Every structure is written in structure tokens, then in C-alpha cells.
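Participant: Can you keep this structure in mind? I'll have questions shortly.
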Amino acid sequence: MSTTAASNILSLYQRHAEAFARKRSRTLFEKGWLDKFIAATGGKGHILDIGCGNGQPIAEYFMTQGFKL
């Protein structure tokens, strides 16, 4: 990826991040799926979170379950 393309992506994210965070429900409606993932991994380890919004509520939930992000 070129430096220009990376800058464009970052600029796009910065322009829309606040609105996305404001509109994203804080209700963890994915909890059932996340708990299945946790069970499948043994509930330990690190999770790489790339391009998944502001980290709330999903990354926050994983951290409360003992994962390192």
C-alpha cells in the first residue's frame, strides 16, 4: 500500500470515527458469538483488533474477560 493510500484511509477514518462511535450501540448484542469464540480459544491469549471501530463494546468485553489486545 502506498503512503498516499494509507494517508487517505487514515483521513477517512478520522473524519467518520466520532459519528460511528456515536451511532454504534453500546449493547453487546454479539455476546453469544463472542462467548463461543472465548470458549473455542480456551479464554486466553491476545487478540489483534484492526479496523473495528473504537473498541466499544467488543474489545472492551474481551479485555474484561482477560484477553490482551
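Participant: Restricting attention to the range 30-44, which residues are at pLDDT 85 or above, assigned to a loop (DSSP other than H, G, I, E, B) and surrounded by 10 or more Cβ atoms within 10 Å (Cβ to Cβ)?
Facilitator: 30, 43
Participant: Can you tell me which residue is farthest from residue 69 (Cα to Cα) among those in the range 8-27 that are among the aliphatic types (A, V, I, L, M) and either exposed (fewer than 10 other Cβ atoms within 10 Å of the Cβ) or within 12 Å of the chain's Cα centre (by Cα) (or both)?
Facilitator: Among those residues, the one meeting the criterion is 19.
Participant: Still on this structure, please answer the following. Yes or no: residue 36 touching a strand residue (DSSP E or B) at 6+ places or on another chain (Cβ under 8 Å) and basic (Lys, Arg)?
Facilitator: In short, no.
Participant: OK, next. Starting from residues that are assigned to a loop (DSSP other than H, G, I, E, B) and open to solvent by 80 Å² or more (accessible area, probe 1.4 Å), keep the ones in the range 55-69 and report whichever is farthest from residue 33 (Cα to Cα).
Facilitator: So, considering only residues that are assigned to a loop (DSSP other than H, G, I, E, B) and open to solvent by 80 Å² or more (accessible area, probe 1.4 Å), the one farthest from residue 33 (Cα to Cα) is 69.
The values are calculated or read from the model by the stated rules, or taken from the named source; none is laboratory data. Not measured: the values here are computed from a predicted model. So basically every Cβ, Gly included, is an ideal-geometry build from the backbone, and we count neighbours across all protein chains shown. Note: accessible area is taken over every heavy atom of the protein model, side chains too, but ligands, DNA and RNA are not part of it. Shrake-Rupley method; radii C 1.70, N 1.55, O 1.52, S 1.80 Å.
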